[in-house]
1. Defining a contact as two alpha carbons under 8 Å apart and six or more residues distant in sequence, what relative contact order in percent does the range 122-170 show?
2. Restricting things to alpha carbons, find the Rg to Rh ratio for the chain using the Kirkwood radius for Rh.
3. By how many nm would the segment from VAL81 to ILE373 grow when fully extended, if each residue of separation counts as 0.36 nm and the alpha-carbon distance is taken off?
4. Is the shape of the range 58-126 best called rounded, prolate or oblate, per the rule: a/c under 1.5 gives rounded, else a/b larger than b/c gives prolate, else oblate, with a ≥ b ≥ c the square roots of the Cα gyration tensor eigenvalues?
5. Give me the orientation-averaged projected area of the Cα convex hull of the range 325-372, in nm², one decimal.
6. Give the peptides 181-187, 237-243 in descending order of average Cβ contacts within 10 Å, highest first.
7. Just the C-alpha atoms of the range 1-75: what Rg/Rh do they give, with Rh taken as the Kirkwood radius?
8. I need the shape label for the range 299-380. Rule: rounded when a/c is under 1.5, else prolate if a/b > b/c, else oblate, with a, b, c from the alpha carbon gyration tensor.
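Read-outs throughout are calculated quantities, based only on the coordinates presented, and are distinct from any laboratory measurement. Not measured: the values here are computed from a predicted model. Note that we place each Cβ from the backbone using ideal geometry, even for glycine, and neighbour counts take in every protein chain shown.
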Amino acid sequence: MIPYGRQDVTDEDIAAVVAVLRSDWLTQGPAVPRFEEAVAMRCGASRAVAANSATSSLHLACLALGIGPGDLGWTVPNTFVASANCLRHCGAVADFVDIDPSTLNLGVDALEEKLRSARRAGRLPKVLIPVHFAGLSCDMAGIARLADEYGFKVIEDASHAIGGRHRGQPIGCGRYADITVFSFHPVKIITTGEGGMALSNDAVLADAMTRLRSHGIRRDAAAQAVHGPWYYEQTELGFNYRMTDIQAALGLSQLARLDAYVAARLRLADRYDRLLADLPLRTPGRDPDSDSAWHLYVVRLEDAGRRRAVFEHLRAAGIGVNVHYIPVHLQPDYQSQGFAPGDYPVAEDYYARALTLPLYPTLSETEQDRVVIKLHEALA
Ligand SMILES: *Cc1c(COP(=O)(O)O)cnc(C)c1O
């Protein structure tokens, strides 16, 4: 089976993990801060806070921004459920902005229109969570302009996009957002097994996320001088969302190959573009302002009615195609919150045609050729 995505774990990665296993610290040791500093440095952010998943990082980001009951947060339907669930975990209401049909990212025109009517209704969002779908940055300057005008915070869900660039700067630099979140799940660009990280240039936000990922506990030198060296205080209600040193050692070792991974993905994406040019489908769009990290290579079939048969033909041939994403508002749990089919027509039409082809740095050209041949066969 050729999967749609796959991690690359080298002997150096394994040696780095084994070194932690032989050390004194499996968790809360030196590897996590080392990994955090390396990612912050690589992405041009002043702070980075690791967690046990991007789902946890998104929750921490919402909490740090003060999202709570009665608040409203917006994201896109074309994403993984975690981008919206983080709002609901804070007691806020999640709502959606439809995507742009060319980039498949949050549509800035749709956002502006929804903001205008939300202002009239007195229901403006407190936070917006744009998602860099497939690794391609959203139009962050457009989003930041509206954030200024309408006074909402911005969390970039960059789960697909570490190693990507936008307007000359790395994703995660924080030029246009309060917090940026990366995922290190094995199908993403680099992995820690499970893991996530939230980057920010705001020390208050980074400190809040650091406290909340570890039970809301502080160890304060002044308080320890009074009570004793063992002393700690829980000053707010937090979680155990910590990353282990075992995971951080793997992530740090993987980070050294980030540029090579993104370059390999781009080379394969360009090759798909050429080899699929004559088929009745639309290959991913490019954006002169952005270098995608190429997490996913998604095609859109001209004939949505054939998607299921094409999917099954490829799967039967041992090719692990997938579909990203079922629009979040169509999940039964979201329909029970009041959303319905037809609410976000661009995301729904895109979903009906979407097919994710295998793309990962160690995919060989021979394997890619097999995918291309089977896709031609299925669409013949
Ligand atoms: C993978 C993913 C997440 C969740 O990441 P985990 O690390 O698995 O929790 C969130 N948002 C998007 C867009 C993702 O693709």
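1. Across the range 122-170, relative contact order equals 47 percent.
2. On the Cα set of the chain, Rg over Rh gives 0.99.
3. Here the answer is 101.8 nm.
4. Oblate shape, in that a/c is at least 1.5 and b/c is the bigger or equal ratio.
5. Quarter of the Cα hull surface area: 4.7 nm².
6. 181-187, 237-243
7. Across the range 1-75, the Cα-based Rg/Rh ratio is 1.08.
8. Here the range 299-380 falls in the prolate category.
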